[in-house]
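Below you'll find the structure, written out as structure tokens, and then a few comments.
The values are calculated or read from the model by the stated rules, or taken from the named source; none is laboratory data. Here the structure is a predicted model, which means the values were calculated and not measured. Using ideal geometry, Cβ is built from the backbone for each residue, glycine included, and neighbour counts are taken over all protein chains shown. SASA here: full protein model, heavy atoms, side chains in, ligands and nucleic acids out. Shrake-Rupley method; radii C 1.70, N 1.55, O 1.52, S 1.80 Å.
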Amino acid sequence: MTIPQINIGDIVSSALSILGENLPKWAIAIGEISTKILPHIEKVSIIAQAVASLIGILKPDSKVENIGIATQEAEKKPADFNSTKEYIEYLENEISSGRINLNTTRTDGQKIVNLAIGATLVIKGIDEKYNLQTSPEFWNTIGMKSSEGKINASEVGCMLENAKKNNVDQSDIAMYLNRSEITSGTQIADISKTIDSGFKEANPNLSDSDISARFNELLKQN
């Protein structure tokens with residue numbers, strides 16, 4: 001799908017309508033994150049959906065775009081729940097019950113807005129599980145890398161688990177993978193260890209040389 005020109009205000013307005021007037025900062029945050037992942041939204045949504053399904057944030061048959069639609073049609077808002085995961089479970093139940101109309105004809109622009117909002121909610125659910133700060137730059141980078149076959153959902157999940165253990169920020173991983181300067185003070189060795197450990201845990205049957213090859217492939221710039 002060709003990404004159409006999207007008005008940032010459309011996403012922010014949709015986010016505000018989702019979250020209600022009592023949580024404007026939350027709503028604006030979703031709008032801002034959504035717009036930042038727009039350039040690679042299809043790639044980001046594919047890997048985010050796969051990771052979320054793998055770690056139990058999404059049901060196996062759930063789709064990110066449908067979650068985005070449900071956020072705008074469902075009665076309850078995130079403020080009614082203790083976590084993003086609980087909110088997503090509610091949305092999934094609303095979809096499966098037929099209370100969400102998925103059959104309305106939508107423009108490409110509307111589909112992209114739904115995809116962006118759904119992906120953002122799913123990403124927030126993933127980050128809550130690992131107690132990590134949401135980084136659009138990380139997900140954009142991982143979306144591109146996964147589309148190139150350089151990393152899969154299991155490896156991303158293990159990487160995030162190790163990021164939590166090693167106190168490594170997602171943004172620093174993105175900077176490292178993009179060969180950008182790390183300005184946060186995080187040691188490159190800690191970032192490298194986080195990625196390497198993620199690969200090893202996701203692929204216990206691979207040899208050290210295979211893991212090294214996988215790591216180096218991830219670092220390649222196309």
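Looking at Glu92, Glu128, Glu86, just one residue is without any contact (Cβ under 8 Å) to a residue 60 or more places away in the chain, outside any loop (DSSP other than H, G, I, E, B) and under 21 Å from Ser171 (Cα atoms), and that residue is Glu128. When Arg179 is tested against the conditions (1) part of a helix (DSSP H, G or I); (2) in contact (Cβ under 8 Å) with a residue 40 or more places away in the chain; (3) open to solvent by 40 Å² or more (accessible area, probe 1.4 Å), the lone failure is (1).
On the stretch given as region 95-108, residues that are over 13 Å from Glu65 (Cβ atoms) and in a helix (DSSP H, G or I) total 1.
What about Asp190, is it open to solvent by less than 60 Å² (accessible area, probe 1.4 Å) and modelled with pLDDT of 95 or more?
Numbers: open to solvent by less than 60 Å² (accessible area, probe 1.4 Å): no; modelled with pLDDT of 95 or more: yes.
Answer is no for this residue.
Could you tell me whether region 15-25 includes any residue that is surrounded by fewer than 22 Cβ atoms within 10 Å (Cβ to Cβ), hydroxyl-bearing (Ser, Thr, Tyr) and either in contact with a helix residue (DSSP H, G or I) (Cβ under 6 Å, 6 or more places away or on another chain) or modelled with pLDDT under 90 (or both)? Within region 15-25 (the criterion being surrounded by fewer than 22 Cβ atoms within 10 Å (Cβ to Cβ), hydroxyl-bearing (Ser, Thr, Tyr) and either in contact with a helix residue (DSSP H, G or I) (Cβ under 6 Å, 6 or more places away or on another chain) or modelled with pLDDT under 90 (or both)), the answer is yes, since at least one residue qualifies.
The residue list Val51, Val44 contains one member that is closer than 23 Å to Asn152 by Cβ, at pLDDT 95 or above and part of a helix (DSSP H, G or I), which is Val51. All of Thr71, Thr107 fail the test of being farther than 29 Å from Leu219 by Cα, surrounded by fewer than 18 Cβ atoms within 10 Å (Cβ to Cβ) and among the β-branched types (Val, Ile, Thr), apart from Thr107.
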